[in-house]
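All remarks here apply to the structure that follows.
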Amino acid sequence: MPDLIVDGHNASVQGSIELEGSKSLSNRLLIMQAMADEKLELRGLSPSDDTEALQRILKSKSSAGNVGAAGTTMRFLTAFYAAHPGDQVLTGSARMLQRPIGILVDALRALGAVINYAGEEGYPPLHIRGSKLRGGKLSIRADVSSQYISALLMVAPEMENGLELELTGKVGSFPYIRMTLELMSMLGIRYSIDRQVIRVEPGKYHGGIVQVEGDWSAASYYFGLCALADDPQVDIHGLFSRSLQGDSVLPAIYAQLGVVTAWDGDVCRLTKTGNTVNYFEYDFSDCPDLAQTVVVTCAALGIPGSFSGLESLRIKETDRTAALAAELGKFGVQFTQDGDSLKLEGTCERKEGVHIATYDDHRMAMAFAPLALLQPIIIEDSRVVAKSYPSFWDDLSILGVSSSPA
């Protein structure tokens, strides 16, 4: 898709949105489905590129799989193929070959896996010779990526001795680990947690029917829109008021930025009071995928702030902290390192013809889209949203935000 001119200066920001299924939930459930001893029917799976890549590779009989830019898919499949007999090569996009995976590979090797690097040490492509893993005790750093931990936990029931996994250091994105464990438990797997030690017993995933909840990460862009709109009312369908997703903290975060969340049955309704904090401060360790949207919202509202817990953003689709700093700088806003946090200063200036680079990162495109309420902006490589939310631009149009080829 070409670059898009996104314009919301006449947008009502009133309407109803049916959210697509959560990518995080979908990808975990697909791995569990592949190991289930009975039929497991999954309804409402995410149509994202990442989830479709995972489905395609799991269904394929090929000994080589290309995950594209799907980091979750690469990590989950690495553990899956390592724990099941057969030879498999996993590769991906140019950016994927720059994203480290050594911590997960080392952990799997310690459990009995045979994995070789087909290129640079510590990075994909990988050549995996799968077999039943012995399991047992293992320690892993918990401050880099929770996806490494989830990948190990999901295949743990298939290991001869189960898994006793000790998480060392600061645990980042723990809600994602908890999501994994709760899904496993729902499908018949037994586990226990004692401080930073997780024990998973050997077992088999059960079958059944699971409805995939809508994506709270995707909902963040509507919270951002409502924070900037004059008189919004957005009804979001597909979310659960009691959610397994860590990003369901959105209502608490955006209450500080003037957005009111109310539940009408299974509908999440967003309106606005306009009552905001004078200074925003938050630790995003448990919900890093929300950070870009919140930073942009604060910049648009002229609310300075301090943002911590962003370490994992540097190894995502791009270095998201650097990308945020570069793109906000185009509007006269500073986003700079301040010890262990990043400091936001300034208010978005209205400028004509601003191009937003997306860095092959879906969340950069969607996090900046609400700025179209202030002025037309040009989103480069707009199709990047398909990685997690293919219908994003169409859904924005429901609320009056138009998009057209630049």
**OP:** For the stretch 362-392, enumerate the residues that are crowded, with 23+ Cβ neighbours inside 10 Å and in contact with a strand residue (DSSP E or B) (Cβ under 8 Å, 6 or more places away or on another chain).
**Re:** M364, A365, F368, A369, L371, A372, I377, I379, S382
**OP:** Filter the stretch 227-248 down to residues that are outside any helix (DSSP H, G or I) and among the charged types (D, E, K, R) and give me whichever is modelled with the lowest pLDDT.
**Re:** R242
Subject >> Tabulated pairs, the stretch 116-138, first touching a residue at least 60 places away in the same chain (Cβ under 8 Å), second surrounded by 18 or more Cβ atoms within 10 Å (Cβ to Cβ) and part of a strand (DSSP E or B), C-beta under 6 angstrom, 6+ apart or interchain >> reply: G135/L163
**OP:** Could you list, in sequence order, all residues of the stretch 346-361 that are charged (D, E, K, R) and either on the phi > 0 side of the Ramachandran plot or surrounded by 14 or more Cβ atoms within 10 Å (Cβ to Cβ) (or both)?
**Re:** D360, D361
Subject >> Residue among L25, L30 that alone is assigned to a helix (DSSP H, G or I), over 30 Å from R269 (Cβ atoms) and not polar (S, T, N, Q) >> reply: L30
**OP:** Kindly establish whether D338 is touching a residue at least 24 places away in the same chain (Cβ under 8 Å) and either surrounded by fewer than 16 Cβ atoms within 10 Å (Cβ to Cβ) or outside the structural domain of V385 (by TED's automatic domain parsing) (or both).
**Re:** yes
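Inspect the stretch 196-205 for any residue being in a loop (DSSP other than H, G, I, E, B), farther than 30 Å from I140 by Cβ and of a type in the set (D, E) and give the result as yes or no.
Within the stretch 196-205, not a single residue is in a loop (DSSP other than H, G, I, E, B), farther than 30 Å from I140 by Cβ and of a type in the set (D, E).
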**OP:** Could you check A357 against (1) modelled with pLDDT of 95 or more; (2) more than 20 Å from A94 (Cα to Cα) and say which number it fails?
**Re:** (2)
Original post:
What pairs come up if the first residue lies in the stretch 209-224 and is in contact (Cβ under 8 Å) with a residue 12 or more places away in the chain, the second is surrounded by fewer than 21 Cβ atoms within 10 Å (Cβ to Cβ) and in a helix (DSSP H, G or I), and their beta carbons are under 7 Å apart, counting only those six or more places apart or on different chains?
Top reply: W216/S248
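The values are calculated or read from the model by the stated rules, or taken from the named source; none is laboratory data. Predicted model only: the values in this text are computed from it and were never measured. Cβ: placed from backbone, ideal geometry, glycine included. Neighbour counts: every protein chain shown.
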